[in-house]
Every structure is written in structure tokens, then in C-alpha cells.
1. Please go through segment C:1-45 and pick out each residue that is within 30 Å of B:Ser98 (Cβ to Cβ) and exposed (fewer than 15 other Cβ atoms within 10 Å of the Cβ).
2. With the condition kept exactly as written, say whether any residue in segment A:603-611 is within 14 Å of another protein chain (Cβ to nearest Cβ) and over 31 Å from the mean Cα position of the chain (by Cα).
3. Quick one: count up the residues across segment B:57-73 that are more than 16 Å from C:Ala60 (Cβ to Cβ) and either without any contact (Cβ under 8 Å) to a residue 12 or more places away in the chain or more than 13 Å from the chain's Cα centre (by Cα) (or both).
4. Would you pick out the residues in segment A:760-787 that are within 11 Å of chain C (Cβ to nearest Cβ) and either closer than 18 Å to A:Cys646 by Cβ or of a type in the set (A, V, I, L, M) (or both)?
5. Given the conditions (1) closer than 17 Å to A:Arg258 by Cβ; (2) in contact (Cβ under 8 Å) with a residue 60 or more places away in the chain, which single one is not true for A:Arg45?
6. Spot the failing condition for B:Asp26; the list is (1) of a type in the set (D, E, K, R); (2) farther than 22 Å from A:His250 by Cβ; (3) surrounded by 13 or more Cβ atoms within 10 Å (Cβ to Cβ); (4) facing chain A (nearest Cβ under 7 Å), and only one is missed.
7. When segment A:378-415 is examined, which residues are found to be over 40 Å from the mean Cα position of the chain (by Cα), crowded, with 23+ Cβ neighbours inside 10 Å and either part of a strand (DSSP E or B) or small (Gly, Ala, Ser) (or both)?
8. Going residue by residue through segment C:151-167, is there one that turns out to be of a type in the set (Val, Ile, Thr), touching a His at 6+ places or on another chain (Cβ under 7 Å) and not in a helix (DSSP H, G or I)?
Amino acid sequence: MTQKNRITGGQIDRSRTLSFRFDGKSYQGHPGDTLASALLANGVRLMGRSFKYHRPRGPLSAGSEEPNAIVQLREGARQEPNTRATVAELFDGLTATSQNRFPSLSFDMMGVNDLLSPFFAAGFYYKTFMWPAKFWESIYEPIIRRAAGLGALSRQDDPDAYDKGFLHCDLLVIGAGPAGLAAALTAGRAGARVIVTDEDFRMGGRLNAETHALGEASGADWAAGVVAELASLPNVRLMPRTTTLGAMDHGIYSAVERVSDHLPVPAAGKPRQILWRIYSRRALLTAGAIERPIAFENNDRPGIMLAGALRAYANRWGVAVGERVAVFTNNDDGLRTATDLAAKGIDVAAVIDTRTGGPLLPGIRHLQGAEVTGSAGRLGLSAISIRHANGKVESLPVTALGVSGGWNPNLNIASHHRGRPVWQDAIAAFVPPKDGPAGLSAAGAAAGLFSTHAALQSGAGAAVAALDDLGVKATLPDLPRAEDAPVAIAPKWYVQGKGRAWVDQQNDVTVKDVKLAHQENFVSVEHLKRYTTLGMATDQGKTGNILGLAVMAELTGRTIPETGTTIYRPPYTPVAMGALGGRSRGHEFKPTRLTPSHKWANEQGAVFVEVGMWLRAQWFPKAGETTWRQSVDREVLATRASVGICDVTTLGKIDIQGTDAGAFLDKVYANTFSTLGVGKVRYGLMLREDGIVMDDGTTARMGQNEWVMTTTTANAVPVFRHLEYVRQCLCPDMDVQLISTTEAWAQYSVAGPNARKLLEKLVDQDISDAAFPYMACGAITVKGVRARLFRISFSGELAYEIAVPTRYGDAMIRALMEAGREFDAVAYGTESLGVMRVEKGHVAGNELNGQTTALNMGLGKMVSKKKDAIGMVLSQREGLVAEGGLRIVGVKPVDPAQPLTAGSHFLEPGAAAVAANDLGWLTSVVYSPHVGSSIALGYLKNGEARKGQRLRAVNLLAKTEVEVEIVSAHFVDPEGVRLRG
Amino acid sequence: MIINHPLLGPRDAQEFTYLGDATLIDRPDGLSFPSADAAMDAMHDYLYQRSNPAGEHRELWFHEQGDRSWLVVTRNTVTHEILKVELARDVARMRGRSK
Amino acid sequence: MADLSLKPITPLGNDLPVRISIGPVTISEVVDTALASLAQRMGQDITAAAKGAGIPLPPAGRWEQGATCAAFWLSPEMWMIEAPFASHEDIVAHLKPVFGEAASITEQTDAWARFDVTGASLPRLFELLCNYDIARHGAGSASRTMMEHLGCYVVIRAADHISVLGPRSSAQSLFHALETAAHSVF
């Protein structure tokens, strides 16, 4: 229970102790710890097993670039695999388990893979599991997936909520280290709207991990002071625990804020994370730099980590990773680790410096021109072997080794728009491309400026320049004195040796694998990556990519910039699917549109169907009805016998006004509207420019310059868009104005022989056949309420559609049903609506499928050739008007007891069921209580001429075949007597 | 992407619906040709013969979740840089369209 | 015979509007305003007529309160006119005589569900709902925007008073979104 490796200092709150569990064992840490720092404080170095070889691994880094210390956080439904212990903020009660091991982390049976490693080199899967192909999905992949372990999902619904949001700023500062804080201070004091994002829970970046003084203060104290000032500025928004994930176009950045990840459970109503879309006018990348290792044999043992991380654990978290340590470096920054650790009283056994000639560190065994050639230790480091400049080999017992191969500017986001990073010899690293995302610049270590002084100056300077672009005057703040050491590095990428030296520790890619790829001619960086899987794990090669590239460069005899670099893509770090989904889950997946009669229909026990976002009543079951067919048959028969009422509000309604409205309708409809009299309605057919039918509906002329168009429910939005297109792009001077009124009116169809009698009880005006004939329309009142009446029929019966302002919609359905009581009026839903329109032979969505013409629908004569309507010319194309083409027909089974299946294809008797014999298909199938059998509409080749013929309706999917008779599509009242009654 | 709406300033492209090549504005009058075949040819070319450049392109975008203006957006299809945004109605008039 | 007269309900389906308070904000269903779209016809100029009637015609992106009526811009040459429902229930009948054939006027009262959000820290609430920059645009601005897939109008009447007009059929979804966001922030 003791934190045996905890030393003094650091930014942790020792006044409070937090308990947590790792692999079932209890430990203690403090607020300010990460899971990794707390485990290291407790002497736990082994935190995971590697992906392919199941090698024991501990943390390599102290940040989000971590490839090794990947654990499963929390338990139950909140269990989250593949999280990095190095960034998981410790909280009281945290539980974590290691992954990719069985039965335990210290004894992992799959560790046998490590012994078999000669067989698992790069390309092993490609070479071994290539054939037989059918084995891949069924045999190879499941086995490989189980062996090549990743964490496990909970397989339960995520109980937490995630939000999405939108932020706007003048300057987005990505990363709150010295450069970012100096930039934010400069811009914040100038009054600009500033957003500062930082993935860490404590802002300050490396200032929290170093011992440098800034002026009189420690780096951490200076950072805390700046953060406090920024927090006091209303124009600055500080966003710790927020990772900027990617650069989108035109200054838009995505970021994820971990609102509640540092809490055991989110507070009530609070999201766990928020996915932000940040709209910035300028952005500054101050994301610092990421250290890279030097590869040597067995460089992956727990206890071997990046030198900067070793230093960070000591300085920021008060943790000595080992009681006796060594440092392996090719640059001066590595020396800092040695001096910092020594100053903390840690036994620094040796500094192995690949360089020769510089000054020696005082009081430390500083071996120049030496290299680390290997390591020993079963589940963690116990010794390293050193080859001295004179060739002598020494074994040195140590429990921790810090390795520094130099630092790579963290330019990830700067290359999201395909800009190529630029190599700089002076720092032996790539810096951000010149052609990165527009509006983004880089400062500080992210720009390759590694000293604290340069970070502060360049951050503030970049902010001034960015604001100057925006016309905002900013002045450089007084920045404290800070270290300004030059970069001193002699590139050294890997140590020659026989054993395996790891390049990409997460994906288990070694120097040998890179060599093998080269040998097999995968020399392009992109090929190298795909062949070896270098950089393809969850860490995306943040520590390994440049190293792999450098090895390949050496093998091919090219320079590193000649060899290339891989382009980073968003997201910067892995994102939870929940965050991407936001609130759009389950019931909240999309909004629901309710019809005006919804409340009433719900009271009636209606069964609802989703139609787009609408919920519509599908049918209204009555007591004793056990199947939907019973309800629908009753509704249809009652409507045709007396009267039925249906909510048709969902049809799109577009108010069209203006002196050119008639001419406009002539342009958008294939048939003529300008000649329609005031107070009349006409059915219209709207074509696409290619001659295919787009939509149909009725349009009413309510006044000289006032029209109301109806569209199908599904096409309300696209039709409106199309009308605006014609109005603005094709006919810019027409006097016509459009606005949707779909939601403004509650509209009911009242259909059946008693429809008029029913409405006469409610409508204040004379609606006799003489006063209000078939296809009439007009403004009326219903018990004093302003309303609209249209005498149109979809069912084939005497029918009206009556519209009242939506607030009266609920009252209207109740009034209609009450007034209809004496006629035994029924409410009917979309099923009965469908049955009656098929019985009447009206086309709907199944027939208007985006492939069919007016001619196909039997409406060819509606297309006027006397005016230049959209689609008129191309509807006459040879292929579309050819004799013998598809025509709409009615279909009945020869045996009335046999049901039909929609989608069945017509075949001649005896013809084989192959595409060449296909004559068309059944579009809509219903059971018609009126006919007493299944009936259908269908498109049939040469359909007009085939009436009376017997064909087969074959559905190979449903495995049905029915002998059918081709009939007129008008099963009910073909003469149209009823609707004129 | 951000489209700088001539009336409303910068707006997220998510608010817009894309249609395609702005040459759709140059719709021929189907009745203005000496023969049905000529009309057919002209209408066919208008509808189907469009360029698809890697580089500068004039496109029609509809501000569906905004003010319902159709816009002509001049955009570099390679870099996504937006060079010019005009109201389609103004462009249509400039190109001689009226009623 | 039963009473067949019609009684209106609110967008959320009740007799009376709903009002809830969450943290510093109050969300209220508003039903006291009549709405109509007003579109200037081609070649007409309705500026003088509007001025004479005290009806503001604000520029793109703006909302303005007049003596009786308020208005916000919808699209080129088109505005949404707001008037007190009690006196202007038939709002088109009020506007027609003002503009005659110079404008197209369409009743919109029942096309929209309106929720007024009042209180402090409104930008923090709206940043979870839409990409309209409340802080930058400020009082007197109005815009169409998307909230949880719904096309809505946002009218900033004052820094502490924002109206959201969403499709009436989705009133419950919109209200739920506002309520959920408020719980998330406050």
C-alpha cells in the first residue's frame, strides 16, 4: 500500500489520498496523478502486453503519445478499452485492468508468440493467410483477432451522455505550454476572443515537467499565474482536458472535451464528453514536441522510457521510476534528465552519450561515444549493456533507463491538409509545412523552436501576427527571462545488433521488420507503413514514425527528407464513438414530427408508423380486432360505405403568390396551370429536367395571385428546393414568392358518400355540389374558425380536404368524429389510405420511384408540348417513349385466395425466371376488401395491350409464384361517378 | 467548409445543399429550336455535358438551413479555397435570364 | 347535439403554455404572437408602406421591434412579421390593406412553435444547440440555424432573452433539446 517510489516535490496534492485498483490490487495516489504516475509511484512498471508478441511493457512516455501503457478503464457498462494510463487522470475509486494477457499480466500464455517471433515478422499475415481465400473470414481472422489482443468492449449500452457544440473565436491556441500561454496572454490582453485547448488537465505543458526558472518563478508557477490571469478575462476561454483532434477546412477545428472522465460517474444531466466544432479566424499550433527513442536490442522492457518522461515523472509527479537509473542520449536535452534526477537525489549510474567531444557533466559518470546495446530483466529492466567508445562492453545494473533520440515538433494537425512537413538538419526533425491549413501557424517547440525563451517569444509573436491579420492591434507582453539553450544533437537512430530493436512499440515493429520491408522492395514510406503496420496502432506512430523513416532512409542510402514522411490525419488521438454520436441515440436519434391529431389518435390506441420524421397513424384497432387486416378492412369498407377521416397534414404545402405565379407553375409542372380558374384545384405532375417524374400533387388557386401547392410527404423539402432553384436561377425576374405552410395548417381528408353531410354540420358556408363542385377550393369557416376546403379525392369517393390553423387540429379531429357519429364515421390510417388509392389506381411513392415517366404512369398526355416546362423536352427521348415500354396496370390473382407480393416480377407462362424474360414488376400490393382479393399496381411492358392476359408474378426472394390477371388499374368506380357525387 | 454568404457573412457549409455546376443556370428554352431534335440535343448537352475540373469550379449551393438563397460559389475543388460567392439570382440576370 | 366548437391547444399539446426553469434560465412556450411572412413583390417598393404602418423591415440577419409589430429578416425581400395575437389573430387581414398587391403575405402563426429562453449565460446554452454565434451577433440579430436536425429561427431580443422558433410538429423534440442542453450546461 505504500508509494515506495514517491519522492518529494511535484504538482500533486499530498494532502489528499486517492485509492484505486489495478488488476484487482489496491493502490494509493494523489490528486494530480495520472494512473501511470500513481502506478510508478507504487513501484508498478509492468502495465501491458504488446500487440503481437505479448511482450511485457511499461510506459514509454508521460503523455498522449503513449504506445505501451494501454489499459482498460472502469468496469461494467462504463468499461473502456485501450485507454492510455499516462493521461488517465486519477480519481478515488478508479479501477483499471491490463489488456492483451491471459491469464495474468505477469504470466501471459500468448507470450509464446515472442518465442515464435521469427515467424511473425513483417508481412507474416499477408504471406501466411493468403489462401484459401474463404478461410480468411471464417478461420484466420477470428484467431488472429483473439491472439492479437485489444481491449474488450463491455457489450452493454454506454450509460453516459455525450454532447456536441459549437464555439467561435478569433484565435484558437492549440496547446497551453509556454508558447501557447504567451500567445493566449498576448491575444487575451488585446481583447480578442481566444480559445485555448490543452489535452492535459493541468495547463502549462512542459513547464510543469521542467525545473527551469521563468524570471523569478518556477515554470509551473509562472504557468499557473498566466492561467489565472487568462481565466479572469471574459474574452478568453480556457479548455483543459480538451484535445484538438483535427483541422477541417476554413479554420474549423474539431476538439473533444473530457468533461467527466476524471470523475467516477458524470453528474446528473451532465455529459461525459463534448465534441466541439470550433470556428476560428486564426489558429496557432503550440502543441510542443514529442521525444523519440533510439532503438537498441530489447529496448522495450518496463523501466525503459523516454528521457523527458523519466524527468517528468520526477519533476511533475514526484516519482522516481527506479532507484538506480541511467540515461542514453544523442542530444543535450537528455543530459537534463540526468542532472534533474541527480538533483532529486536519485542515483544516476551513468549517462551514455553517443556523441564525443563536448563538456562532461560534473559529478555524473558521463560516457561519451558510448551506446546502449541491450537490456536484461524478466518483467522489467534490471540491467543494461553498454559498449564504450573503446569497444569494451559493460553490464550496468539499473532499474530505469531514460532514452532520448531528440524531439519531434508535434506538427500532426499542421499536416491534416496534406502539407508536407519540412526537414531541418539543425534540430534533426521535421517542422510544420509551409502549405498547412490556411490560417494556422505554429510556434514554440511545435515549430522547432525548442528553448523556453524561443517558445515564449515565438508564441507571443505569432499571436501578434495573427491578430494583425484580423486588424486587431496587440502588443508583446513583458515575458520573463528563460533558458535559451541551443539544440545540440547528433542524430543516432538505432544501435546495430543482432536482436530485435523496437521502432513502433505498440504495433511491435522492429528495425528488422523495416529491413525486411526494404529487402522486399517496400521502400516507399506509404508501403513501409502498410507492410509493417508501422504507425498504424492507436498511437498512430507518434513516437515511432520518424525513427522508422530514418532507418529506411539509411537502408536506401537517401536522406530522410528524400525518403519522405507520412501525412497525419485526424483524429489526433482516438475518439469515443459516443462522442461522435452525441445525443443522437435511441429515441433522440432524430426529431419526431407529430401530426395535429396525434394526441387524439394516441387516445384511440392507434398504431403509428414512421414516415420520414413523421409519426402517422397506420390504423386504428377496435376492440375485438386481432389482426391489422381486420382493422384496415373495416376502415376501408366503412369509408366507402359512409365516411372516413384521415389526417393528411404531412403532405407538403407551399404557398405560392405573385403576378407570375401561374407562369411559374407552367414552368415547374408538366401540365398547364395558368388557365386554372380561381377557386379551382388541379392535379399536377412535376418532372425532373431529365423527363423523369419528380413529384405529384394538387395545386389550388385560392385567389388571382395566390396558390397553394401540395407535395408528397417525402418530397416536401426537395420540391421546395427545386421551386426556389427555378425561381432564382432560371426565372430571376418572375414575380413569384414562396413559403412553406406545411406546419401551419392541420388538414384532414373526409371521404365517403356521407362526407358532405358530415362537413355541413361543421362548415359555416354552403358546400352543396352546386356551390362547391368537384375540384373546387376556397376559404371557409368552421364554427367561426378560418379554414380552407378543397374538394379533392385520393380514395375515389366523394371527398374533401379541410384545413384549419394547426392549433385547432386537435379540436378539429374531435369535432369531425363527433359530427360523424351519426354516420358511423371511422378514422383511417395510412394503410387504408394506401388500400383505397390502389383500388382507385392512383400512383404514389412506389410508382414515383425516380425511374419512371408520366408515360409509364399512364399520364403521358398530361405533358404539354406547348410550353417549355422543366423536363418536357427530355421526357420525349426515344428510349422513354418507345412502343412496348412499361405501362401501369392493375393486377389480380387468378385464384382470389392467393396473396400477391410486392416486388414480384412479371413473366410469361413457362418463361424461365431470368432477367432476359423480365416483363416488369408489381409496385404496390394491398388486400382489397372491395375486390375480395389481393390486388396490385405494377409496371408491365406493353401493359396497355396486355389487359386480360394471364402472367406469372414471381418473387425469387420471397419464393412466391402466383398466376395473375392483368386488369385496369381502376378497381373501384372507373367512371369516376362517386367522387363527383 | 465556410461559405461567405453575400448577405449573411460566413456560414458553415453544413447549412447548404449542393447541386452542381453553375452552368445549370444557362438552361436553353425548349421551344426556341427549329426542330425537336435540335431541342433534344441542346437540352441533352445542357443537362449531361458538364466539366468536372480539378481546380476552380463554379457551383450552385442552396442555403437550405438559412435564407434559402441559391448561391454561385467559385471554389477550388483541390484546395477547397472559396474564391467568390454570388447570389445565383444576380448571376442569372447577368447571364441574360429574366422570366 | 354535442358542442362542435373548436378550442385551440398549444404546440406542446396543452391548454396552457409550459414554462420551466433550469439553473439561471427559464424556457417558456410562447403563444401570444401572430406571425406572417411578408414578401415584397417584384418591382415593388414596400418601404414607405411599411414605415407608414410602423412595421420595421430590418436588413439581413436582423430583428427589429416596432410600435406594435416586430419583424425579422427571412430571405431577400422577405420578412417575418410578429404581432400581438390578441389583437392580430387574423394577421393577414391586418397586413393586406397596408401593402395591397405590392407584397405577398402568408399566415405563419401556427407553422412555428416558439420557446423563449431568458436568463443569464445564454451563449453557453446555445453553443450546445446551434452554430449561430450568439455572443458575436448580439441583441437585434436573428437567423435561421439548425438545432438537433431542426431548422429553427433564433431571435436575439436582448442579451438575456432569445426566442427559438421551430417547426410546430416537432415542438416536443425541440423543447426536449432545449431542456436537455440546459441540464447539461447548468
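1. If we filter segment C:1-45 for residues that are within 30 Å of B:Ser98 (Cβ to Cβ), which is where we start, we get C:36-45.
Within segment C:1-45, C:Gly43, C:Asp45 meet the criteria.
2. If we filter segment A:603-611 for residues that are within 14 Å of another protein chain (Cβ to nearest Cβ), which is where we start, we get A:603, A:608, A:610-611.
Adding the requirement that they be over 31 Å from the mean Cα position of the chain (by Cα) leaves A:603.
Yes: one or more hits.
3. Let us first name the residues in segment B:57-73 that are more than 16 Å from C:Ala60 (Cβ to Cβ), namely B:57-62, B:64, B:72-73.
Applying the additional criterion that residues be either without any contact (Cβ under 8 Å) to a residue 12 or more places away in the chain or more than 13 Å from the chain's Cα centre (by Cα) (or both) yields B:64.
Result for segment B:57-73: 1.
4. A:Leu762, A:Val763, A:Ala779, A:Val782, A:Val785, A:Ala787
5. The one condition A:Arg45 does not meet is (1).
6. Against the list (1) of a type in the set (D, E, K, R); (2) farther than 22 Å from A:His250 by Cβ; (3) surrounded by 13 or more Cβ atoms within 10 Å (Cβ to Cβ); (4) facing chain A (nearest Cβ under 7 Å), B:Asp26 comes up short only on (4).
7. Those that are over 40 Å from the mean Cα position of the chain (by Cα), crowded, with 23+ Cβ neighbours inside 10 Å and either part of a strand (DSSP E or B) or small (Gly, Ala, Ser) (or both): A:Ile384, A:Ala400, A:Leu401.
8. Residues of segment C:151-167 that are of a type in the set (Val, Ile, Thr), as a first pass: C:154-156, C:162, C:164.
Restricting the remaining residues to those that are touching a His at 6+ places or on another chain (Cβ under 7 Å) gives C:156.
After this cut, where a residue has to be not in a helix (DSSP H, G or I) as well, the list is C:156.
Yes: one or more hits.
Every number here is computed from the coordinates shown, using simple stated rules; none is lab data. Remember, it's a predicted structure, so these values are computed and weren't measured experimentally. In this analysis, Cβ positions are derived from the backbone assuming ideal geometry, glycine residues included, and neighbour counts consider all displayed protein chains.
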